[in-house]
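The values are calculated or read from the model by the stated rules, or taken from the named source; none is laboratory data. Nothing here was measured: the structure is a model prediction, and the numbers come from that model. Accessible surface is based on the protein model in full, side chains and every heavy atom, while ligands, DNA and RNA are left aside. Shrake-Rupley method; radii C 1.70, N 1.55, O 1.52, S 1.80 Å.
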Amino acid sequence: MRSSRRHILLVESHRDIRTAFVTLFEGIYGFAVRVAEGTAGALGFTSRQSIDVAVVDLDGGTELNARLAMIRAWRGDGLTFPVIATSPQDYDGLVVETL
């Protein structure tokens, strides 16, 4: 039976941002936050746990294409949870590609 607690998957490479996000959403709002530093860990979570929403950082680093492919794979696998994509990049094409 599924817990009534909401589960957030956070895919974020930066330790300080991960810490702030977990502090806010677990400590203050009571969400269960699952943290993955990269795509391999994130795919592992979605294959074995129910996720209510994913927050994915598209930081433009070496994992950018892998993270975009991961989002496509989730949809291809029929996973329909909302994905919130964040990025420090000022590149309009990234927004279009992510959608």
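How large is the translational diffusion coefficient of segment 12-82 in µm² per second when you combine the Kirkwood radius over alpha carbon pairs with Stokes-Einstein at 37 °C and 0.692 mPa s?
In µm²/s, the coefficient rounds to 256.
For segment 1-84, what % of the accessible area comes from carbon and sulfur atoms, probe 1.4 Å? Here carbon and sulfur together make up 55 percent of the probe-accessible area.
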